[in-house]
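The structure appears right after this line, and notes come after that.
Taken together, the values in this text are just the output of simple stated rules run on the coordinates, not laboratory data. For clarity, every value in this text was computed on a predicted model and none was experimentally measured. Backbone-built Cβ (ideal geometry, glycine too); neighbour counts: all protein chains shown.
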Amino acid sequence: MSRMEFKTISGVKLPVLGIGTWKMGMAGGLTDKQEIDAIKAAVDLGMTHIDTAEIYSEGHSEELVAEAIKGYDRNDLFITTKVWRTNLEYDAVIKAAKGSLERLETSYIDLLLIHWPNPEIPISETIAAMDYLVEQGLVKHIGVSNFSVEQIKEAQGNSKNAIFTDQVEYSLEDLSPEKDILSYCQQNNMFLTAYSPLGRGNLAYPGYNQPRVVIPYYNLNILKYVLETLMRGNTLKRKLARHLSSIKLLRWIYRKLFFSFNIIAQK
């Protein structure tokens, strides 16, 4: 595996770059083999945090992950999956998690997230089921996604286990987590996991109207490594290197090294 920088919270070490699998396995996209090869390439580059969800391609994304990780030491990987918002009742959470375990062909999930909050189902009920899964050894850590600070606090207040992360959209295109979620995670020993940190690819296109931000000077050797890593992993088009906006984006990513970023390695 390539050199990769890691960050540690509560004894858990994660790479600062991860591989996301949203849209992998969808009809009309890449072939299964191409998707599997993309995941393998990411892992080989050090992106050992693999993020998926039961809703992605109706579970097929998890099946692709299962195929991709064959031959790797499971202990070297950190797999995150998510329970969809309609499956947050107690029994449904347990059923969903067991379904993910079966599709992933693994005996445990490193991190199980509530994918989106559902105001019709009490967070306390969902968290109770997640705590049970931890007790049974089926899940190692639990967390949330797309939660506000108040919702995080409610989850924490009902959990026997630490809320490991809040996974939210965060990029130069969407800086809303900086209003309060980012600081809350920093102050409460949580990871903030950013999804779509490249703005779903928008930030890679020349001429894209990006927000005006102040980008300080960063170690260009590190930036060069990040750029080469992303390009070797086919997560960006090769023309990316020719655009100043992309260098600004990578500087911004590396400025946030205390996060685990999920880079969607497609197309």
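Quick notes on this one:
- Packing rank of 15-26, 169-180, 96-107, where each peptide gets the mean count of other beta carbons within 10 Å, highest leading: 15-26, 96-107, 169-180
- Note on residue 13 and residue 118: their simple-model spin labels are 3.8 nm apart, each label 7 Å out from Cα toward Cβ.
- Distance violations [Cα-Cα > 22 Å] among 70/160; 33/140; 7/70; 13/98; 23/82: 70/160; 33/140; 7/70; 13/98
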